[in-house]
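The values are calculated or read from the model by the stated rules, or taken from the named source; none is laboratory data. Computed from a prediction, not measured in an experiment: that's the story for all the values here. Glycine also receives a Cβ, built like all others from the backbone with ideal geometry; neighbour counts cover every protein chain displayed. Accessible surface areas use protein heavy atoms only, side chains included; no ligands, DNA or RNA. Shrake-Rupley method; radii C 1.70, N 1.55, O 1.52, S 1.80 Å.
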Amino acid sequence: MKNVRRPTYSFLLLVIGLILINTLLAWLSLKVSHIISPSLTTSVSMIFIAAAFMLIFTLWFGMYGAIAAYAGSFIGSGLLSGMPVTVALYFSLANFWQVLIPLIAFRIFDVHVGMESTRDLFHLVLFGTILNNVIGSAWGSVALAIGGVIGWSQVMSVFVAWLIGNVIVTIIIVPLVLRHFTPRFEKSKVFVKNYWY
């Protein structure tokens, strides 16, 4: 059996590239949301397109995608929105949970990332659309209150806006992208079948 050699710097370059993409998408999502609704709280987006792509990248590239989701959120939704560094550090875990939960579920239940069956779609909806976004939205809204970015009276409204926005974006974008583009990425040397390789 031939040993498959992994490119030495490929995963480092992958993570750097994904961080840049996630940062840009997070920042743009916030900017567009605040143009649509100027009264929105800092770091909260009505339509956080970055959430869909962070999830896609994590399902394709495993923990490398999850690390990039955290870092992209930390920079794009946190630092670039004017959030204090200390708050951004734990606030950004919201997006980390939102991608880690489906990654773990997909690996445990042997879900095909290419959405080949209704079973695959069911797991995506349950773990990659509902459960992950409930936990991420709760974490993020409470983190904003703990950090003093929002008042405790705003936690529920931020939670609901975050959850609805992420669910809509995820259910529209993720299944289509996974179904149509996974076969191409499965052939690449950086596609991750488990968590790290």
Self-check item: the range 57-71 - phi-based ³J(HN,Hα) in whole Hz, Karplus 6.51/-1.76/1.60, Gly and Pro as x
Solution: 4, 5, 5, 7, 10, x, 5, 5, x, 5, 4, 5, 5, 4, 5
Quiz item: With every protein chain present, what accessible area does THR86 have (1.4 Å probe, heavy atoms only), rounded to the nearest 10 Å²?
Solution: 90
Self-check item: Nearest-20 debye value, the chain charge dipole, Cβ charges on Lys, Arg, Asp, Glu
Solution: 640
Self-check item: Whether the chain is rounded, prolate or oblate, judged on the alpha carbon gyration tensor where a/c under 1.5 counts as rounded
Solution: prolate
Practice problem: Please report, as a whole percent, how much of the solvent-accessible surface of the chain comes from carbon and sulfur atoms (probe radius 1.4 Å). | Solution: 73
Quiz item: Across the range 134-151, in residue order, what do the Karplus-derived ³J(HN,Hα) couplings come to in whole Hz, using 6.51 cos²θ - 1.76 cosθ + 1.60 with θ = phi - 60° and x for Gly and Pro?
Solution: 4, 5, x, 5, 5, 4, x, 5, 5, 4, 5, 5, 4, x, x, 6, 10, x
Quiz prompt | ARG119 paired with SER37, simple spin-label distance in nm, labels 7 Å along Cα-to-beta-carbon | solution = 3.9
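With the other protein chains left in place, how much accessible area per residue, in square angstrom, belongs to the range 57-197 at a 1.4 angstrom probe?
45
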